[in-house]
Amino acid sequence: MVARQETHRGSGAAGGPPEFEAALACLHAATFRPEVWCEEMPAPQRIAPYAAALSADVTLDDEEVATGRLVLLHDPAGNDAWEGTFRCVAYCRAEIDGDLATDPMLADVGWTWLMEALEAHDAAHVASSGTVTRVATESFGTMADEPGNAQIEIRASWTPADPEDLTSHVEAWGELLCTAGGLEPVPDGVAVMPSRRGQRGTGPQ
């Protein structure tokens, strides 16, 4: 899925603890629908002693319909706010119909997409939190002929209940992107064969 690791530790020493190395293996093991292009990106440097990050775009009929990122944080000493030693921080942005942007239930629906994706992948978690934002843009003056657009943005974080099963959390994030992007759910009993487009390697280069 990813070509190389972009991780760090606050002390500047090489490598990481075994539990974080195992978490990275879980990130590499995740699979997505063929519409999802996922790759590793530089991780934030000051939030936790260890971190890794992924970015992904969802494309349908050669058009990008959703984009997002997922950051995995690890603090071996634990974090009271996290209620654990690992934390997933996710972001999702997708274009939506302008009429949908005015729906008062949109925020609840967006949050439900995430919760249902985590449940569908058996990604048990605690201490979830986040926001759902709708953004509508209209053009005026010399740009009045430009069509308006609307987007939904979902920002969330949660603590995996089982740090040894992080793959399910990564795949749930991928499903959130697809749902927000308007892709139809895969029918029960139908296997999804991920393309190499979303599987660009399994380790560092």
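The values are calculated or read from the model by the stated rules, or taken from the named source; none is laboratory data. Computed from a predicted model, the values in this text were never measured in an experiment. Neighbour counts run over all protein chains shown; Cβ positions are idealised from the backbone, glycine included. These area figures cover heavy atoms from the full protein model, side chains too; ligands, DNA and RNA do not enter into them. Shrake-Rupley method; radii C 1.70, N 1.55, O 1.52, S 1.80 Å.
Quick look at the numbers
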item: Apportionment of accessible area to carbon and sulfur, region 57-112, percent (1.4 Å); result: 46
item: Which of Leu100, Leu114, Val135, positive extreme of dipole for region 60-155 (C-beta unit charges); result: Leu114
item: For region 102-184: accessible area per residue (Å², 1.4 Å); result: 52
item: Label-point separation, Asp97 to Glu138 (7 Å along Cα→Cβ), nm; result: 2.0
item: For region 124-165 versus region 65-97, the gap between their alpha-carbon centres in whole angstrom; result: 13
item: Value of Rg to Rh for region 90-137 (Rh from inverse mean 1/r over Cα pairs, i.e. Kirkwood); result: 1.01
item: Rh (Kirkwood; distinct C-alpha pairs) - region 124-174, Å; result: 13.9
item: Kirkwood-Stokes translational diffusion coefficient of region 38-120, alpha-carbon pairs, 37 °C, 0.692 mPa s, µm²/s; result: 219
